[in-house]
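These notes are about the structure you will find just below.
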């Protein structure tokens with residue numbers, strides 16, 4: 001019998017303590033999935049103000065002095081217990097860096113916090129100390145699993161540590177590289193040994209993300225297709241060459257979803273619950289509730305009109321511009337209705353609001369994020385729009401499949417790994433679950449949506465499509481087993 005493996009997760013956010021996107025969901029679900037199959041887990045986070053406000057039980061594990069940007073900073077390490085967590089959460093408490101309101105990465109005006117380089121270097125240094133049990137807590141990890149650029153210095157800091165734990169680094173999104181200047185590199189007192197094209201140097205500055213790729217023992221990303229894509233010029237964000245050299249240690253492991261939180265049979269946010277074997281009347285009642293939530297008439301006849309939903313950051317990556325370009329066509333040539341939930345680029349928000357004003361019975365818009373409304377859209381919409389230009393893994397398409405709301409997606413990243421196009425061949429094979437297009441244009445999106453509308457008009461085919469998607473399993477158990485194999489050196493790298 002193999003010994004219990006100890007894993008220290010290092011992350012900049014984790015649901016429900018602090019969440020800005022999918023990383024927060026993953027940092028809740030994956031550690032718990034590993035805990036459930038026998039791993040001994042700890043999670044370390046920065047002690048943001050919002051995190052401290054959500055916790056009741058805290059104890060001080062110890063104090064450290066950590067070098068920042070030309071100054072020595074006092075840091076407390078706290079241990080927290082939270083009802084949602086089955087294991088301890090450790091917090092790096094440095095008020096001058098983390099005790100501030102709002103988003104952990106950006107100011108209210110949308111610009112990065114100017115001291116982000118120092119904030120996440122101090123955090124990484126503290127996490128590296130914990131990985132070496134500097135506080136004599138009698139808990140030393142076998143694996144340190146760092147996530148995204150905010151934690152990417154941890155593998156580098158452990159590079160020359162005797163008997164270092166295995167260093168795993170996961171890229172959740174290549175588009176965010178943690179790029180800073182040579183001046184900041186020097187002020188932070190980072191090792192000169194790192195400053196080379198083979199190290200962290202990146203176009204005259206330095207990249208924290210690159211540090212994670214270069215110095216980790218294994219690099220993972222969140223879907224097999226995205227692992228191959230980031231080795232190309234198109235998706236590599238300037239680091240494709242580094243990733244090509246690192247293919248021997250690069251792995252693509254598909255994210256899962258929390259099937260307890262996202263389960264239409266038990267979801268507390270829904271107007272009515274339903275399952276793969278009994279979809280009605282639950283699905284229709286949720287559609288009715290969603291329409292009413294946006295002030296749209298929801299009579300029996302109008303419930304038959306197809307409803308498209310979208311929950312997304314309103315940024316170019318998510319293909320919002322493609323949707324906005326297609327919307328006039330859909331409003332003129334179909335009866336379909338639309339609901340949008342999200343925030344982001346001001347111009348996209350403005351355009352969506354304008355449509356909602358001009359077509360109040362056809363377009364509903366909520367600017368912002370609301371967890372309950374996100375669940376309502378997944379349950380109440382008939383189809384889910386997700387035409388992302390790139391999508392490392394994506395979670396909403398898996399939520400949509402689970403809720404019987406076929407997604408319409410561009411073939412990229414995790415979308416390509418989870419959505420099977422509704423072709424006649426795939427339908428006959430019993431694997432069709434959504435609609436996929438290959439040309440990144442509004443015309444191709446319109447064509448895919450037209451195919452979805454044609455299927456929707458054939459109830460028998462449509463119900464089969466829904467049932468196929470709802471019966472798939474996207475839970476974290478498969479991913480957790482894959483990571484456990486990776487930790488033990490038994491998981492294959494991306495093919496060359």
Practice problem: Send over the Kirkwood Rh of segment 238-356, from the inverse of the averaged 1/r over different Cα pairs, rounded to one decimal Å. | Solution: 17.7 Å
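If I take every Cα pair under 8 Å that is 6 or more residues apart in the chain, average their sequence separation and divide by the length, what percent do I get for the relative contact order?
12 percent
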Quiz item: P(r) tail for the chain, what percent of Cα pairs lie past 45 Å?
Solution: 14 percent
Self-check item: Angle between the chain longest axis and helix 320-333 axis [Cα atoms, degrees, rounded to 10]
Solution: 0 degrees
Exercise. Can you figure out the FRET efficiency of residue 248 with residue 369, using R₀ = 30 Å and their beta-carbon distance, to the nearest 0.05?
Key: 0.15
Exercise. Among DSSP beta bridges lying fully in segment 298-453, give the percent that are antiparallel, nearest 5.
Key: 0 percent
Exercise. Note down, for segment 282-470, the three equivalent ellipsoid semi-axes (square root of 5 times each alpha carbon gyration tensor eigenvalue), biggest first, whole angstrom.
Key: 23, 20, 15
Self-check item: C-alpha center-to-center spacing [segment 417-433, segment 98-116] in angstrom
Solution: 43 Å
Quiz prompt | CD proxy at 222 nm, helix term only [per DSSP H run n ≥ 4: -39500 (n - 2.57); per residue of the chain; nearest 500] | solution = -10000 deg cm²/dmol
Quiz prompt | Degrees, to the nearest 10: 442-456 long Cα axis against longest axis of the chain | solution = 60 degrees
Practice problem: Sort segment 118-173 into rounded, prolate or oblate with this rule: let a ≥ b ≥ c be the square roots of the eigenvalues of the Cα gyration tensor; rounded if a/c is under 1.5, and if a/c is not under 1.5, prolate when a/b is larger than b/c, oblate otherwise. | Solution: prolate
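Give the order of 34, 486 when sorted by the count of other beta carbons within 10 angstrom, beginning with the fewest. Before the final figure, lay out the partial values.
On the way: 34 25, 486 21.
Going from sparsest to densest Cβ surroundings: 486, 34.
Mind running the shape call on segment 20-144? Use the C-alpha gyration tensor, a ≥ b ≥ c as the square roots of the eigenvalues: rounded below 1.5 for a/c, prolate if a/b tops b/c, oblate otherwise.
Oblate.
Mind jotting down a quarter of the surface of the convex hull over the alpha carbons of segment 141-245, in square nanometres, one decimal?
6.5 nm²
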Self-check item: Between segment 452-483 and segment 245-313, the alpha-carbon center distance in angstrom
Solution: 12 Å
Quiz prompt | Degrees between helix 459-470 axis and first principal axis of the chain (Cα, 0 to 90, nearest 10) | solution = 10 degrees
Quiz prompt | Kirkwood-based shape ratio for segment 357-463, expressed as Rg/Rh from alpha carbons | solution = 0.97
Practice problem: Would you kindly work out the equivalent ellipsoid of segment 63-222 from its C-alpha gyration tensor and give its semi-axes, the square roots of five times the eigenvalues, largest first in whole Å? | Solution: 23, 20, 17
Quiz prompt | Cα centroid separation - segment 1-80 against segment 124-141, whole Å | solution = 12 Å
Quiz prompt | Descending semi-axes in whole angstrom, ellipsoid equivalent of segment 438-496, from the Cα gyration tensor | solution = 36, 20, 7
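Any read-out appearing in this document is the output of simple, stated calculations on the displayed coordinates, not a laboratory observation. Values in this document were obtained by computation on a predicted structure and should not be read as measured data. Note that we place each Cβ from the backbone using ideal geometry, even for glycine, and neighbour counts take in every protein chain shown.
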